[in-house]
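The values are calculated or read from the model by the stated rules, or taken from the named source; none is laboratory data. Here the structure is a predicted model, which is why all the values come from computation and not from measurement. Every residue, glycine as well, gets a Cβ built from its backbone with ideal geometry; the counts of neighbours run over all protein chains shown. What goes into the accessible areas is simple: the full protein's heavy atoms, side chains included, and nothing from ligands, DNA or RNA. Shrake-Rupley method; radii C 1.70, N 1.55, O 1.52, S 1.80 Å.
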Amino acid sequence: MSDKILFETIIGSHVWQMNTLESDLDIFRCYIADTRDILLGKKPKNVFDQKTEGIDLQISEIGNVIEGLIKNNFNYLVAVHSPIVRFDGGILSSLKNLSIRNLSKQAYDSIHGLATQNFKKYVESGVDASTKRCDKIARVLQFGITLLSEGKIEFKPANGNTPETLKKLMDELDMAYKESKLPNKPEHVEELEDFLIKIRIKNIDSFY
């Protein structure tokens, strides 16, 4: 039995309605490894990318996706909650609901880390302080501010940002974290874990 695709979503600039004619199409694919292989101790492939002209395909096994949602990782939150769905094998609705139930202040870690890393790498260093680069960082910060302050996932376009506005958004993110009413850690982790177990059992049942 080969690996099975569970869902595919569009990520990147298209999600924020910030794409141009030159924008690559960023696709996230979630697959489930052969449960028989997992029971035999074979590890599924780690997260990896496949790039072709105009397309950047990011592939991740469902176990990694569940782990990322438990950690409230920015990239996995975007992948699961993207409003642009290319394929759904029937699990996205449940996965989104479970993800919302497990939103926590831990989301700050990956969002702050990603924004800070890119700010230092591109803007602060002077390598690329363009409006386009600043807007890419701003959309991440806006995502985090809304998540922490309102407890919801929202994709808002970010336009006309500068290094100065990014610093203000970073301060807003810090304040949203301090004042957030979300729990410090996910409160329904076992539900996500049970969901993963059910998917794996169903997968091996279909083999037999």
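Tabulated data
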item: Residue check, Gly144 at positive phi and under 22 Å from the mean Cα position of the chain (by Cα); result: no
item: Tabulated pairs, the stretch 156-175, first on the phi > 0 side of the Ramachandran plot, second of a type in the set (D, E, K, R) and surrounded by 13 or more Cβ atoms within 10 Å (Cβ to Cβ), C-beta under 8 angstrom, 6+ apart or interchain; result: Gly160/Asp135
item: Contacts under 6 angstrom Cβ, first residue in the stretch 29-40 being closer than 8 Å to Lys4 by Cα, partner part of a helix (DSSP H, G or I), 6 or more apart; result: Ile32/Ile62; Ile32/Asn203
item: Test result for Asn19, closer than 28 Å to Ala158 by Cα, open to solvent by 60 Å² or more (accessible area, probe 1.4 Å) and not in a loop (DSSP other than H, G, I, E, B); result: no
item: Any hit, the stretch 182-191, residues being farther than 17 Å from Gly68 by Cβ and open to solvent by less than 30 Å² (accessible area, probe 1.4 Å); result: no
item: Hits in the stretch 47-78 - residues which are assigned to a strand (DSSP E or B) and either in contact with a His (Cβ under 6 Å, 6 or more places away or on another chain) or charged (D, E, K, R) (or both); result: Asp49, Lys51, Asp56, Glu61
item: Qualifying residue in the stretch 9-16 (condition: in contact with a His (Cβ under 8 Å, 6 or more places away or on another chain) and either without any contact (Cβ under 8 Å) to a residue 60 or more places away in the chain or buried (at least 16 other Cβ atoms within 10 Å of the Cβ) (or both)); result: no
item: Selection within the stretch 141-166 - assigned to a helix (DSSP H, G or I) and exposed (fewer than 13 other Cβ atoms within 10 Å of the Cβ); result: Glu164
item: Set Lys4, Lys51, Lys45: member being charged (D, E, K, R), surrounded by 12 or more Cβ atoms within 10 Å (Cβ to Cβ) and closer than 28 Å to Gly113 by Cβ; result: Lys45
item: Residue count for the stretch 116-137, restricted to those that are farther than 17 Å from Ile11 by Cβ and either touching a helix residue (DSSP H, G or I) at 6+ places or on another chain (Cβ under 7 Å) or not in a helix (DSSP H, G or I) (or both); result: 11
item: Considering residues of the stretch 110-140 that are under 27 Å from Lys181 (Cα atoms) and without any contact (Cβ under 8 Å) to a residue 12 or more places away in the chain only, the residue least open to solvent (accessible area, probe 1.4 Å); result: Gly113
